[in-house]
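Each value in this text was obtained by applying a stated rule to the coordinates, not by laboratory testing. Since the structure is predicted, the reported quantities are computational estimates derived from the model, not experimental observations. Note: ideal-geometry Cβ built from the backbone for every residue, glycine included; neighbour counts use all protein chains shown.
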Amino acid sequence: MSAPTGARRHLVSLLVENRAGVLARIAGLFSRRGFNIFSLAVAPTEDERFSRVSIVVDLESATLDQVLAQLDKLVNVVAINELRPEDAHEAELLLATVAGDTEARAALVDASTRFGGRVLEVGEETLTVQLAGPPAVLDEFEALARTLRIVGLQRTGTIGLPKLGAPR
């Protein structure tokens with residue numbers, strides 16, 4: 001499933017204190033307002049006191065402003081950035097196990113190489129590949145993989161950091 005496009009898709013990056021319950025409070029805020037989180041990724045930063053939460057939401061801009069204002073009120077949120085695609089480096093990880101005949105799997109190996117991926121495992125009837133890159137590239141690869149029989153597919157969700165010199 002690809003991310004929403006256009007003015008409704010927003011990648012919000014939060015720097016939060018690395019404490020128990022912070023993610024539950026953030027998710028609760030979205031839940032109380034009935035907003036769907038399209039993807040969510042959380043990991044520690046270079047400073048072990050903080051974690052970065054990357055959330056992709058599908059909201060109108062006016063509603064996003066309200067959500068950002070509410071997030072800003074959460075005690076454990078240290079910083080908030082909306083990362084617009086033109087101002088950020090975005091990436092995501094995709095793992096896919098696909099079944100197909102030898103010819104179809106060879107075509108998928110070729111495609112994964114062109115998309116910057118790598119083959120993790122080759123079975124008698126299946127192939128597992130890994131790709132990392134911008135969400136749009138993974139969307140293209142996923143569409144190609146769907147022409148075969150997908151046995152398993154997992155995407156991590158979008159993460160991002162501002163480009164150097166981008167507004168923060």
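Would you mind ranking Val67, Val119, Val42 so that the residue whose beta carbon has the fewest other beta carbons within 10 Å leads the list?
Going from sparsest to densest Cβ surroundings: Val119, Val42, Val67.
Just need the relative contact order of the chain here, percent rounded to a whole number, with Cα pairs under 8 Å and 6+ apart.
Computed value for the chain: 28 percent relative contact order.
At a threshold of 8 angstrom on Cα-Cα distance, excluding pairs fewer than six apart, so keeping six or more, what relative contact order does region 12-100 reach in percent?
Reported relative contact order: 38 percent.
Ratio of alpha-carbon Rg to the 2.2 N^0.38 Å globular estimate for region 6-83, to two decimals, please.
Here the answer is 1.03, to two decimals.
For the chain, what is the charge dipole size about the Cα centre, in debye to the nearest 20, if Lys and Arg each add +1 at the Cβ and Asp and Glu each add -1 at the Cβ? Mind showing how you got there, number by number?
Numbers: 18 positive and 22 negative charges, 123 e Å.
So the dipole magnitude of the chain works out to roughly 600 debye.
Mean separation of Cα pairs under 8 Å and 6+ residues apart, divided by the residue count of region 90-161: what relative contact order is that in percent?
Details: 128 pairs, mean separation 36.3, N = 72.
After rounding, I find 50 percent.
Expressed as a whole number of Å, what is the distance separating the alpha-carbon centroids of region 106-168 and region 10-63?
Comparing the Cα centres of region 10-63 and region 106-168, I get a distance of 24 Å.
Would you kindly compute the Cα radius of gyration of region 79-168 and its largest Cα-Cα separation (Dmax), both in Å?
Computed over the Cα atoms of region 79-168, radius of gyration and Dmax are 15.4, 50 Å.
Among Leu74, Val57, Phe38, whose Cα sits farthest toward the positive end of the charge dipole of region 1-115 (+1 at Cβ of Lys/Arg, -1 at Cβ of Asp/Glu, about the Cα centre)?
Result: Leu74, furthest along the dipole toward the positive end.
Between Arg8 and Asp72, what FRET efficiency comes out of the Förster formula 1/(1 + (r/R0)^6) with R0 = 30 Å and r the beta carbon distance, rounded to 0.05? Present the calculation step by step, with values, prior to reporting the outcome.
Values: r = 21 Å, r/R0 = 0.70.
According to the calculation, E is roughly 0.90.
Using Cβ counts within 10 Å as a stand-in for footprinting exposure, how do Thr158, Thr128 rank, fewest first?
Thr128, Thr158
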